[in-house]
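Everything on this sheet refers to the single structure shown next.
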């Protein structure tokens, strides 16, 4: 019998002889080969989640990696960690355990079964990184994280085998740091939605030289692995910056070909520049926090102008906004801080690639500025940010708290829309037309007078009597009394001419100074809109009008908008409805819109927002235009909500609908030339706060049911489903057509600073 530790036990020949003599059969383990350092090792951390279990998207991407040929490269090693999905559709990958694979020419080869572990645990991430660096040491390391992404609040990689546990940004940083053990990644890429944010990019300083992230939602098929891995396999000496740019370029190019909905963006961030960005972000945030305390209304109104990435309707948004657009919006209020942050961000964004449709609002770096998600995600936001000590986090916490607590009992039901202007069958009515007729009488119709009888009535009022700047004493009619002392003049013509005291008693002048003319014009407007004491008067301090926050709607703006809007309309009914808020309600207003609805039984069906809405922040006047047309899909009304406008004039809409049994959003683009295109549908966000990646094409035979909101008499809301629409072979086009004949209701939806919508009284419309 052999003894443990005897010489025979150390001699392989003796061991083999013993095995033969005693009838033992076993395979000797191969001695561990010393791993040689290669040029590049790519580590891919794939948390499959429902993306794999329902759609097989992770397996599809693994097949792309295999087809790239990188598995046969002698200088590049690709290692995969798989897990997080309850079912895998390819390669016999375990749905129970985390496994490590090496990508070879024939496919992934299992290296290690790591056992039951959550992909949403920092230790799982660090263990894989440690294993990968040990098994495949290299001169450069690239890491890709694959799964859902939820931005800074929700993190990424939710493991459906562990109740959707996910990696927070703190856990992500811990997992990366512990796994690298002093090593450094050249590139870290995120095949996840909405992970581009100053928070994460700052955390990656010292961990990775370059990060590749998307500001927007990532398409269902994700990165184009074949597209960027093949060049790396062909030339492993490519610089890290070039490889990072390839990852971004190939993804966006792939989406531009129509493989998925075309909205796509990917950015390369230079981590070495992020300390300067965070320093500037903290300075900006400290100044913004002071504004939040002193002027929440102004901050919220500016915030309302910014597009949230991954935005759909209601609270479905990420509250991530573009740093560059944000700095431009706040430049008037925070010129120094905005300029410094924008300049620092420009240095950090070393490459930005987008499809053309979102180039106007995706410039390469995002900033978390809470508003639309506060009502539903307040706890999660505060849990994430209140434990951090920088000014950026303090501002986020402060704004979240202020917005959430700014709910206001707006007296919306005391307002009823009034007819400001209507033109039906060439008959002009409404307060605007009454004033027009008061100036011109019956000699000119509205349409004629606008062009031939004096142009814009507010910029000179040129008639046979001359302008308002001269001939006061020689004119009769409307001009009578203007040579009297100012108080009498003002009284004699009611509130229309209030504020003209400064010019009423001056000598006649054909060309008054521009400043005086401007002041008088504004006074006319204020007097026209608002002769009552409940509103802001000329010369009175108005907290709602300040540079950068909001400006008064000028008469020119309103008339030019109305003229353009109605001259291009083909419907019979052309209307502007208005309400005028009191000071207190105006002070708490964030935005407003006109709302069309219809009574059905005991419920009111809200079809959505309509027309163009203008708010005059100086007087509280709100105007909403409606020409009787409505977005139609297959001859049926739909709720098409404006999402954003593009620099080229295109407009993007989202339409809530039930599609093949699932509640989704149709994505629609209307080009500047009026042509519309349905570019797909998406599910929006899941119950865990993660955006559903990608969109589905609208194939022939797809059933679509438009969705609206039904409101009962006690205010209870429910989902209301329209009639079935079946996508035909030739597809469907969204059109703007006259609404079906019938009785409708019209009101205003007033959104307060907390995001709550208050609905005014309704007026009846008939078509």
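The values are calculated or read from the model by the stated rules, or taken from the named source; none is laboratory data. Quick caveat, the model's predicted, so the values are computed rather than measured. Here Cβ is always computed from backbone atoms with ideal geometry, including for glycine, and neighbour counts include all displayed protein chains.
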*So which residues in segment 262-310 are under 28 Å from residue 664 (Cβ atoms) and free of Cβ contacts under 8 Å to residues at least 40 places away in the same chain?*
305
*Check off (1) at pLDDT 95 or above; (2) outside any strand (DSSP E or B); (3) surrounded by 22 or more Cβ atoms within 10 Å (Cβ to Cβ) for residue 51 and give me the number that stays unchecked.*
(1)
*Return only the number of the condition from (1) part of a loop (DSSP other than H, G, I, E, B); (2) in contact with a helix residue (DSSP H, G or I) (Cβ under 7 Å, 6 or more places away or on another chain); (3) over 15 Å from residue 45 (Cα atoms) that residue 200 does not satisfy.*
(1)
*Considering only segment 741-764, state which residues are in contact with a helix residue (DSSP H, G or I) (Cβ under 7 Å, 6 or more places away or on another chain) and either assigned to a strand (DSSP E or B) or surrounded by fewer than 18 Cβ atoms within 10 Å (Cβ to Cβ) (or both).*
750, 758, 759, 761
*Could you pull out every one of the strands (runs of 3 or more DSSP E) wholly within segment 645-733 that has 1 or more residues that are modelled with pLDDT under 80 and in contact with a strand residue (DSSP E or B) (Cβ under 6 Å, 6 or more places away or on another chain)?*
651-659, 662-670, 676-682
*Counted residues, segment 369-392 - those being over 18 Å from residue 156 (Cβ atoms), part of a helix (DSSP H, G or I) and touching a residue at least 24 places away in the same chain (Cβ under 8 Å)*: 6
*Given the structure, is residue 139 farther than 20 Å from residue 62 by Cα and in a strand (DSSP E or B)?*
yes
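Residue by residue, here is whether (1) at pLDDT below 95; (2) buried (at least 19 other Cβ atoms within 10 Å of the Cβ) holds:
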{"position": "139", "(1), (2)": "no, no"}
{"position": "144", "(1), (2)": "no, yes"}
{"position": "148", "(1), (2)": "yes, yes"}
{"position": "156", "(1), (2)": "no, yes"}
{"position": "159", "(1), (2)": "no, yes"}
{"position": "167", "(1), (2)": "no, yes"}
{"position": "176", "(1), (2)": "no, yes"}
{"position": "188", "(1), (2)": "no, yes"}
{"position": "195", "(1), (2)": "no, yes"}
*Considering each of 188, 207 in turn, give the residue that is touching a residue at least 12 places away in the same chain (Cβ under 8 Å) and over 26 Å from the mean Cα position of the chain (by Cα).*
207
_Matching residues, segment 197-222, being within 12 Å of residue 145 (Cβ to Cβ) and modelled with pLDDT under 95_ = 218, 222
*For segment 368-386, how many residues meet the condition of being in contact with a helix residue (DSSP H, G or I) (Cβ under 8 Å, 6 or more places away or on another chain) and either within 27 Å of residue 750 (Cα to Cα) or surrounded by fewer than 19 Cβ atoms within 10 Å (Cβ to Cβ) (or both)?*
13
*Out of (1) farther than 30 Å from residue 242 by Cβ; (2) out of contact with any strand residue (DSSP E or B) (no Cβ under 6 Å at 6 or more places or on another chain), what's the single condition that is false for residue 412?*
(2)
_Selected residue (criterion: nearest to the chain's Cα centre (by Cα)) from residues of segment 325-335 that are surrounded by 18 or more Cβ atoms within 10 Å (Cβ to Cβ) and either modelled with pLDDT under 90 or more than 24 Å from residue 653 (Cβ to Cβ) (or both)_ = 327
